[in-house]
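So the structure is just underneath, and the comments pick up after that.
Please treat every number below as a calculation from the coordinates, not as lab data. Owing to the predicted nature of the structure, the values given are computational and were not obtained by experimental measurement. All Cβ positions, glycine included, derive from the backbone under ideal geometry; neighbour counts span all protein chains shown.
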Amino acid sequence: MIELRDVTRRYDEGPPALDDISVSIAPGEAVAILGPSGSGKSTLLNLVAGLDHPTTGTVTVDGVRVDRLGEAASARYRRARIGLIFQFFNLLDDLTVADNVLLPAQLAGTGRADAERRAADLLARLGVSRHADAYPGRLSGGERQRVAVARALMNNPALLLADEPTGALDTASGEEVRKLLTELHADGQTIILVTHDLTLATACATRTIRLLDGRVTADGRVTADGRVTADGRDYAAGSGR
Amino acid sequence: MSALGRVVRSGVARRRVPTIVTVLVVMVAVTSAVLGASLAVASRGPFERAFQQHHGAHLAARIDAAKATPAQLAGTATAAGVAAVAGPFPLATVSAGSGRFRMPPMEVAGRGTPGSAVDELTLTRGRWATGPGEIVLAVNGRFDGPLLTTGEELTLDDVPGNPVVTVVGFARSITRTADAWAQPGQVTAWQTAQSASQNQNQSETAGRAGYQMLYRLTAAGTQAQVEAGTEAIAAGLPAGALTGATSWLAVRRDVVGDTVLLIPFLIAFGLLGVVMAVLIVGNVIAGAVASATRRIGILKALGFTPGQVVRAYVMQALIPAAAGAVLGLGTGYLSTLPVITKTNDLYGTTDRGTAPWVGVLVVAGILAVVALTAWAAAARAGRLRTVDALAVGRTPRAGRGRWASRLAGRIPLLSRPVSLGLAYPFTRPMRSAGMIAAIAFGAASVTFAVGLATSLSRIDEVEDIAAVQVTAPAERPVTAPAERPEPGAEPPGADPPRAEPPGAQDGPPAISDPAKVAAAINAQPGTSGYLGTARTEVTTPGATGQLTAMGLTGPDASRYYRMVSGRWLRGPGEIVVATPFLTATGKKVGDQVTLTSKGSEGRDIPVRIVGEAFNIDEDGMQILTDQATLGLTPEAYYITVKDGTDIDEYAAALSTALEPLGAVADQVDHDPPEMLVLIDALAALLTVLLVVVAGLGVLNTVVLETRDRVHDLGVHKALGMTPRQTIAMVISSVVLTGLAGGVAGVAVGVLVQRTVLGAMGRGTGFTLPASVVDAYGPGVVLLLAVGGLVIAVTGALLPAGWAARTRTVTALRTE
Ligand SMILES: Nc1ncnc2c1ncn2[C@@H]1O[C@H](COP(=O)(O)OP(=O)(O)O)[C@@H](O)[C@H]1O
Ligand SMILES: [Mg+2]
């Protein structure tokens, strides 16, 4: 259960990036956050990931007050519960694919054999096993993003956060990632997905939240023409419930 | 403001860490360079400089007034080798005292003014004695102490009528030609009164009235030259007129003492400081410019020419460097002030501060280094193709050091942050090399400083084993309780005898019943051992002039000297000497030599050289032998006590036991020479500065590294790296460089120490004993090598903290 209550995030200058929003997300939901550039999508994701703190309001994830976590605690929280996927992959270029994937487990102190087994499983499942010993620089964009997903899943996170995961990919690679996320959701993975990509939102999200200037303007199911139906706070619309 | 100006300004203002580090590093570098250079300058012959500044007397001659006329004395000015002359000054020996204390007999010279062509006096307090009943006392002489101030009234006990004199001032004679001065007429009056009463008493010591003549010689570098001058002067006078002569060499030996041995050390230290400063400044500047490669790429994309880029970056480096140089000049000069004050005080030099050219040279040199490295680094960045420059900075150059990363990742038992950090240095080998150099120089300075301190203390420590000395004072002066009399004799190996005033040349009286004294010492509870010493003068073929022979006795004798080769004395007929003696006489250990004793009969004694010791007394010309060889009896005993003995109580108890035998026991003062203490302190300060510079170099490198990796850091943190793990990673990244730097630094430091000791040996003519040369034990070496690690970790702590605190979101936005 993810709950943002009366959350405002204000930077030193300009209008607030998030302006008094309240959102609840249930386990098993796949939520797409849509909105134009600068509307506060990444900010919202960062708050849930504990990477950033709200100026006012509370962020609670599975009973944990994420907005109150200190640096070390939020690192441990991310390790245990959150998988992060970025637009530009953020793979570490001087580590091999396998080492990148292993890293979250190693930071969490998981036993080496277990971690290696799981990393191999994930790479196989995502179809990038043959690149295990390669460096990310040699991989295509789609392959890199699949490695990033493998890394995000390494510690079995309860919550997968993806910030424009297809934003830097060509159409074909974007399609691969879209399928991957859809499959993950089908397996019960809770996902919050930031995107401009309507196709991605319609394909893999069970619910869509639309942001504009830091406010929620719509919350419901997205239709193929981009409208979000069932305006309002119909949280029960989620399918994984 | 021009585009260039804006770029420079924002480059200085926005890039705070490199700017601050540049300011600090240049500041510390200039400080240590000024300090190092000043140390080298200040320690280069302060006595010689003061001697020049005050036209010191190469020779202070004592003349029997009854045997030479003033005209004859004036005639000595033209004697061969005499460059300048002052005098005749009437000379009287008087004993002064007040209600509170009595002083031992002192030499008073009659001088109209302190100024003179030879031995110009410097008034340090009060004024010159201008009339009868006034006296000026010598500072830094035999009777200098806190006890006396101007206005003090002294009664002259041994002048008929017991006249009272007032101390009106204090003056320094660089060659310590007298203990006090008064107007010539006054001194003559005392002389006349004394000789009148002595004639009445038919005293043996009649004719005490004398003159002092002060000479500068054209050549006075060696004892032989001074003696030649003395003979030339004596030749122009009636026989027996010259009753005594004190060479400036004796005074110099007394004043300078062991500090001559330090000079090579100090010069090396100063150089080390300068080299280190240059190296780190270069390192910091090159790093700062190199890390701006991407910015340079952007500037070029905007239309900056390579020339403009170079100019912008040279300016950007020079501005903080100039600020640091000004600050460093200030602190550098301030920190040299205590040295200057102290050397002025000790040697009578009149230095006001380090010569301005030192500062100018240091600042110009360091700024040139800054400009040059900035120019080279910026020119390199400016030549890069713009696209490549733009691509730099996102990630370390692909591929470099990956093997290290893989290797580190495979090491079992290492946590991942640690193994990630360990692999860092291999991705940027040049940067790591710079960091290793910085650490190495820091470690080398520490190593060298430790070696210096160890060697010096080893040179001194054997002299320091004596806790109590026993002497038989002729007339033990009554002194105020606040001031103990300075013991007349000192442990062997300590300072050579003071420039004794004429008349006191026969040395301390021998102890009347040595066997009983030795028995009393042995019987005293707490005694560990003792050494009895007696001095006499001998001559030997091959060595010019009179040599001092020390007749030794007692179980402790060998403990006071470090052997270089051969063995210690086993009985009479053997001698142990220092390297300069062997060099001068062309002998070697095992050879036979003949000593001719000074005594009236001029007895020849054949002896064998059985060993070579490290003994710097008498410029290494002293002869050590069993007292029986020369038929001497001890003048003093030096006693070592068992651990845990209260030395005060021991000395008091022993004094009581010795009282019937006419001997007293005193605690031996172990205060190291003031100059040595000061030099040690400054060397320590210089070391600290150099270590700080090294730490700043590390700090700068790690900051650059952290900045370059800030994005990766963000990724790590997004994946769940805690602040503690981040710190562990950053700290691990300097462990290998720290160790490498430490090991390299220790090697360099030991090498420098050896080289300097070699130079010291060659320069001074002494062979140093192994215990002095081998200053580093294995434990110390290990500790010093780890010191590099400490420097590295300390330098990395601050940036590690920054890395840990970097906001993940901010870091991730850095693209
Ligand atoms: N670190 C920051 N400092 C200042 N303003 C920021 C910062 N991060 C984001 N913003 C501002 O907050 C608003 C929302 O940003 P963001 O959440 O990144 O938008 P989105 O992801 O929807 O494009 C934008 O106006 C952006 O400029
Ligand atoms: Mg965004």
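From largest to smallest, what semi-axes in whole angstrom does region B:717-806 give when each is the square root of 5 times an eigenvalue of its alpha carbon gyration tensor? Present the calculation step by step, with values, prior to reporting the outcome.
Working: eigenvalues 354, 23, 13 Å².
Its equivalent ellipsoid spans semi-axes of 42, 11, 8 Å.
Mind giving me the FRET efficiency for B:Ala117 and B:Val688? R0 is 60 Å, r the Cβ-Cβ distance, nearest 0.05 is fine.
Numbers: r = 46 Å, r/R0 = 0.77.
The pair B:Ala117/B:Val688 has a calculated efficiency of 0.85.
For region B:178-194, list residues with backbone N below 20 Å from a point placed 7 Å from the Cα of B:Thr155 toward its Cβ?
Answer for this model: B:190-191, B:193-194.
Where does each of B:Ser732, B:Ser173, B:Ser655 land when they are ranked from fewest to most other beta-carbon atoms within 10 angstrom?
Fewest-to-most Cβ neighbours within 10 Å comes out as B:Ser655, B:Ser732, B:Ser173.
What is the distance, in nm, between label points placed 7 Å from the Cα along the Cα-to-Cβ direction at A:Asp187 and at B:Ala747?
5.3
Which order, highest average first, do B:523-530, B:631-638, B:80-87 follow once you tally other Cβ atoms within 10 Å for each residue and take the mean per peptide? Before the final figure, lay out each step's value.
On the way: B:523-530: 17.2, B:631-638: 22.9, B:80-87: 19.8.
Output ranking for B:523-530, B:631-638, B:80-87: B:631-638, B:80-87, B:523-530.
If you take every residue apart from A:Val101 with its C-beta less than 9 Å away from the C-beta of A:Val101, what net charge results, scoring Lys and Arg +1 and Asp and Glu -1?
+1
To one decimal place, what Kirkwood hydrodynamic radius in Å is obtained for region B:746-789 from all pairs of distinct Cα atoms?
11.4
To the nearest µm²/s, what D does Stokes-Einstein give for chain A at 4 °C and 1.567 mPa s, using the Kirkwood radius over alpha carbon pairs as Rh?
72
Quick check: residue separation of B:Thr341 and B:Ala239 times 0.36 nm, minus the Cα distance between them. What number comes out in nm?
Stretched fully, the B:Thr341-B:Ala239 segment lengthens by 32.1 nm.
Please arrange A:His196, B:His58, A:His53 by how many other C-beta atoms lie within 10 Å of their C-beta, fewest to most.
By the 10 Å Cβ count, ascending: A:His196, A:His53, B:His58.
Roughly what % antiparallel, to the nearest 5, for the DSSP beta bridges in chain A?
The antiparallel fraction comes to roughly 55 percent.
How much length, in nm to one decimal, is gained on full extension between B:Glu231 and B:Ala83, taken as 0.36 nm per residue of separation minus their Cα-Cα distance?
Full-extension gain reported as 51.8 nm.
Sorted from fewest to most neighbouring beta carbons within 10 Å, what does the list A:Ile209, B:Ile411, B:Ile280 look like?
Least crowded to most crowded, the residues run B:Ile411, A:Ile209, B:Ile280.
For region B:682-744, just say rounded, prolate or oblate: build the C-alpha gyration tensor, square-root its eigenvalues into a ≥ b ≥ c, call rounded for a/c under 1.5, and beyond that prolate if a/b exceeds b/c, oblate if not.
Prolate.
How far, in degrees from 0 to 90, does helix A:71-81 lean away from the longest principal axis of the Cα atoms of chain A, to the nearest 10?
The two axes meet at around 80 degrees.
At 0.36 nm per residue, minus the direct Cα-Cα distance, what do B:Val275 and B:Glu659 gain on full extension? Give it in nm, one decimal, please.
So the extension gain works out to 132.2 nm.
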